[in-house]
Amino acid sequence: MVKLGIIINGDKPSGRLTKFFTGCAAYHVVWVDEEGGRMYDMNLLRRRRKWPYYPQDQVALFDAPGKVTVEYLEEKLTSDENVYGFVDYLLFSLRWLYHLVGKSTRNAGGKICSETINDDIWECGGETPWKPGDAPPSPCDLLRWLMGWHSI
């Protein structure tokens, strides 16, 4: 069974930056196949790594919303053309400015890890508060939603 993993580390620069911009130190989101010892994530492009990849005390695991499978994730490794670059990261760091003036966060063409995960959930029959094409959720947004916090 595939699980949704949220990586949280307030001591790491990524976690500190994410906390500054989103309010919590959840800085990355991954799919985890514990049985197969694999992790699937989006870091510039989709990739597969051995699991565990991150220290376990920095990972919050949740049952995957929808029916995300290893077969689906394996197919995405060869069919997904999304690439997330420096300009995308820069625009995401300005997210708070966009939201301050009531606009959705812009991308330069790529998708952040949490946006990719959100799209996967929808493609596999699940639902989240963020429909594909909406302003992308941050890893913190996904964590809050999964934990039942409704003040995103």
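Please treat every number below as a calculation from the coordinates, not as lab data. Everything numeric in this text was worked out from a predicted model, so none of it was measured. FYI the Cβ positions are ideal-geometry reconstructions off the backbone, even for glycines, and counts take in every protein chain you see.
The table below gives the values:
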quantity	calculated
Among 63-74, 21-32, the order from most to least packed when residues are scored by Cβ within 10 Å on average	21-32, 63-74
Sum of side-chain charges, residue 49 neighbourhood, beta-carbon under 15 Å (Lys, Arg +1; Asp, Glu -1)	+3
Gain upon complete extension [residue 43, residue 71; 0.36 nm per residue less C-alpha separation]	8.1 nm
Residues of type lysines that residue 3 reaches as a straight line, Cα spacing below 30 Å, ignoring anything fewer than 8 places off in the same chain	12, 19, 50, 67, 76, 111, 131
